[in-house]
Amino acid sequence: MGSLGNSANSKAVHEAGEDDYDHHKHLSPTHQQLDAGALFVLKSKGSWLHCGYHLTTSIVAPPLLSLPFAFTCLGWAAGIISLVVGALVTFYSYNLLSLVLEHHAQLGRRHLRFRDMANEILGPKWGRYYVGPIQFMVCYGAVIACTLLGGQCMKAIYLLSQPNGSMKLYEFVIIFGFLMLVLAQIPSFHSLRHINLISLFLCLAYSACAAAASIYIGNSSKGPTKDYGLKGDAESQIFGIFNAIAIIATTYGNGIIPEIQATIAPPVKGKMFKGLCVCYTVLIITFFTVAITGYWAFGNHSEGLLLSNFLDDGNPLVPKWFILMTNLFTILQLSAVGVVYLQPTNEVLERTFADPKSKELSARNVIPRVVSRSLSVVIATTVAAMLPFFGDINAVIGAFGFMPLDFILPVIFFNLTFKPSKRSLVFWLNVSIAVVFSALAIIAAIAAVRQIVLDAKTYRLFANV
């Protein structure tokens, strides 16, 4: 499964093109036997700046537009505290994960995938039966969610120009799926660096638009009466709090830190930290601006997607062209985010169907690549079109997937790798993070399942919501 292969693979790497081989020379002899997934999808050619672009696209994505909605369940104080804690804990845990990866690289065992780390640190069964499957589930779930949200944004643009239009949501999901189908053919993660730079500017653009529209509506008489009280009875409020924490945790989620670090050219030391600094600069500007201005303007009337608040019974509260532009920025970035989260799937497909002995762009590898990647996008698009309530399902996936991958496993990996003293602050800080977020993951999963049960009566396949 992992990056260990047999002796035939060793010969294969030598014949696979000097360029790719040179970039993986830093691996120990056993790890030089790279499979096609590592060789073609996870090329180690990027700089720390490219790494920053990949990180920003994977974390600072359109789900940040649901942060004001999370605040409706938490209120001002708890909402801002949750945002700050989320930023601090994820920045800390992503750096720990990076340090563990750097440590193994210095020992001559550079891990290019999350499951490879788990294989070595926790044992082969953990990598194969736990980390591998939940990472695949989280990443493929993110692809489906991006496709669905892209379709919803396209439908919003359509209804602005054709309020009584007859096109259904699933038709827009399919149109967005075609865009994903084209982008999915980009061969390697490293090849996405220019797209992800554009994506960085797009997330700044739609965040600025969302904040500007919120301030404009909040200062006008058009917006709703500002009410920051928590809605519902005591039970609803308690579950609402955990649902909001799950939304915030998922918004900060990544799940592919090792794969992003794999794109960095050796030596890797210190480069991931710089990349994370780029990402978190953008993150702080966007997350806090959108969450605070959105909640300030709409209070507990904030919708699950902030852009929905810019319409009141179909009547735009800001100029139509402004809503169109904001949705367009969001759609374009969603396509980049979707393709980034396709990379772990692409790596598995490449490892399964490609031949490391042949060149990357040979017919032997291009034909299986186009067919398998196209099929994976078609399946994701079909699921998104069939299940427009996929957001509820994704909340469960987020609780079971993003929480362990981004909050719990990094601190466990660090403690097992570096074995800090049990009297040290680092040891107990890491144990506390693991325990607290394990409990939160379980409660958030229960809250998400409860939401599915409550909403189940409204579920219909291919519903036009």
- Does region 265-317 hold any residues that are part of a loop (DSSP other than H, G, I, E, B) and either more than 28 Å from Val41 (Cβ to Cβ) or polar (S, T, N, Q) (or both), and which are they? Ser302, Glu303, Gly304, Leu305, Asp313, Gly314, Leu317
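Would you confirm whether or not region 438-459 contains a residue that is polar (S, T, N, Q), closer than 20 Å to Pro388 by Cβ and not in a loop (DSSP other than H, G, I, E, B)? Spell out the reasoning first.
Here is the first cut: in region 438-459, the residues polar (S, T, N, Q) are 438, 451, 458.
From what's left, closer than 20 Å to Pro388 by Cβ: 451, 458.
Imposing the further condition that a residue be not in a loop (DSSP other than H, G, I, E, B) reduces the set to 451, 458.
For region 438-459, residues polar (S, T, N, Q), closer than 20 Å to Pro388 by Cβ and not in a loop (DSSP other than H, G, I, E, B): present.
Considering each residue of region 337-351, count those that are under 23 Å from Thr147 (Cβ atoms) and either open to solvent by 30 Å² or more (accessible area, probe 1.4 Å) or at pLDDT below 90 (or both), and give that number.
Total meeting the criteria: 2.
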- Selection within region 304-336 - surrounded by 15 or more Cβ atoms within 10 Å (Cβ to Cβ) and over 27 Å from the mean Cα position of the chain (by Cα): Leu311, Pro316, Leu317, Val318
- Query: Out of the residues in region 418-453 that are of a type outside the set (Phe, Trp, Tyr), in contact (Cβ under 8 Å) with a residue 40 or more places away in the chain and farther than 19 Å from Ser236 by Cα, which is most open to solvent (accessible area, probe 1.4 Å)?
  - Reply: Ile433
- Residue count for region 384-416, restricted to those that are open to solvent by 40 Å² or more (accessible area, probe 1.4 Å) and at pLDDT 95 or above: 2
- Task: Within region 377-421, track down each residue that is closer than 15 Å to Val138 by Cβ and polar (S, T, N, Q).
- Result: Asn394
- Task: Sort out which residues of region 308-360 are of a type in the set (Asp, Glu) and under 19 Å from Ile215 (Cβ atoms), and write them in order of number.
- Result: Asp312
- Of the conditions (1) in a helix (DSSP H, G or I); (2) at pLDDT 90 or above, Ser236 fails just one. Which one is it? (2)
- Which condition number does Val366 fail, the rest of (1) buried (at least 24 other Cβ atoms within 10 Å of the Cβ); (2) assigned to a helix (DSSP H, G or I) being met? (1)
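Quick grid of which residues meet (1) open to solvent by 20 Å² or more (accessible area, probe 1.4 Å); (2) without any contact (Cβ under 8 Å) to a residue 60 or more places away in the chain:
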site: Ala205; (1), (2): yes, no
site: Lys226; (1), (2): yes, no
site: Lys231; (1), (2): yes, no
site: Ala234; (1), (2): yes, yes
site: Ile241; (1), (2): yes, no
site: Ala244; (1), (2): no, no
site: Lys269; (1), (2): yes, no
site: Val282; (1), (2): no, no
site: Thr289; (1), (2): yes, no
- Task: Would you mention how many residues in region 49-75 are open to solvent by 10 Å² or more (accessible area, probe 1.4 Å) and of a type in the set (S, T, N, Q)?
- Result: 2
- Task: Only residues in region 146-171 that are without any contact (Cβ under 8 Å) to a residue 40 or more places away in the chain count as the first member; pair them with residues that are buried (at least 21 other Cβ atoms within 10 Å of the Cβ) and not polar (S, T, N, Q), Cβ under 6 angstrom, at least 6 apart or cross-chain, and list the lot.
- Result: Lys155/Phe172
- Query: Can you name the residue in region 76-132 that is within 21 Å of Met272 (Cα to Cα), of a type in the set (A, V, I, L, M) and in a loop (DSSP other than H, G, I, E, B) and, of all such residues, is most open to solvent (accessible area, probe 1.4 Å)?
  - Reply: Leu107
- Read through the list (1) within 19 Å of the chain's Cα centre (by Cα); (2) among the β-branched types (Val, Ile, Thr); (3) at pLDDT 95 or above, then give the number of the only condition that Ile186 fails. (3)
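Report yes if some residue within region 271-280 is over 23 Å from His54 (Cβ atoms) and surrounded by fewer than 17 Cβ atoms within 10 Å (Cβ to Cβ); otherwise report no.
no
The values are calculated or read from the model by the stated rules, or taken from the named source; none is laboratory data. Predicted, not measured: the structure shown is a model, and the values here were computed from it. For neighbour counting, all protein chains shown are included, and Cβ atoms are generated from backbone atoms with ideal geometry for every residue, glycine included. All accessible areas refer to the heavy atoms of the entire protein, side chains included, with ligands and DNA or RNA removed. Shrake-Rupley method; radii C 1.70, N 1.55, O 1.52, S 1.80 Å.
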